[in-house]
1. Rounded to a whole number, what % of the accessible area of the chain do carbon and sulfur atoms account for, probe 1.4 Å?
2. State the label only: which of (i) 12.5, 36; (ii) 16.9, 60; (iii) 19.2, 70 corresponds to Rg and Dmax of the Cα atoms in Å computed from the shown model?
3. Would you mind working out the magnitude of the charge dipole of the chain relative to its Cα centre, with +1 at each Lys and Arg C-beta and -1 at each Asp and Glu C-beta, to the nearest 20 Debye?
4. Any idea which of M37, Q10, M100 is furthest toward the positive side of the dipole for the chain, if Lys and Arg beta-carbons carry +1 and Asp and Glu beta-carbons -1?
5. Keeping every protein chain present and rolling a 1.4 Å probe, give me the accessible area per residue for the chain in Å².
Amino acid sequence: MIRMIPIQFQDIVAVGIEVSLPKTTLITISTAKGYIMCGALDIQLLNDKLSERQIIAARAVGVRSIEQLLEAPLESVTYEAEALGIVPGMKGKEAIMRMM
């Protein structure tokens with residue numbers, strides 16, 4: 001099952017997506033600039049192997065829904081996200097607002 005919902009931030013809309021898989025759910029919220037995601041996101045891979053892509057992304061662990069991802073503290077962020085002021089410990093919704 002796939003759930004996709006618009007998430008309104010001021011006058012811009014982000015897209016939340018949940019993909020139910022056997023024994024896990026992939027969860028992401030994206031903007032035109034970047035995204036936040038559940039623990040399945042490999043920040044080290046984005047920073048090391050895909051650094052030339054300059055991906056703006058952050059990861060929160062232990063979340064089970066789009067709503068939880070918005071409220072959860074970020075566990076890790078890419079170098080490009082750090083350049084926007086997105087830091088570990090910041091709530092997901094704060095990071096999304098900086099990605100607008």
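The values are calculated or read from the model by the stated rules, or taken from the named source; none is laboratory data. Only a predicted model underlies this, so the values are computations on that prediction, with no experimental measurement involved. Quick reminder, even Gly has a Cβ in these numbers, built from the backbone with ideal geometry, and neighbours come from all protein chains shown. Only protein heavy atoms, including side chains, enter the accessible area calculation; ligands, DNA and RNA are left aside. Shrake-Rupley method; radii C 1.70, N 1.55, O 1.52, S 1.80 Å.
1. Details: 3230 of 5840 Å².
For the chain, the apolar C and S fraction of the accessible surface comes to 55 percent.
2. So the structure-derived entry is (i).
3. Working: 10 positive and 11 negative charges, 42 e Å.
The dipole magnitude comes to about 200 debye.
4. Farthest along the dipole direction, towards plus: M37.
5. Values: 5840 Å² over 100 residues.
Accessible area per residue: 58 Å².
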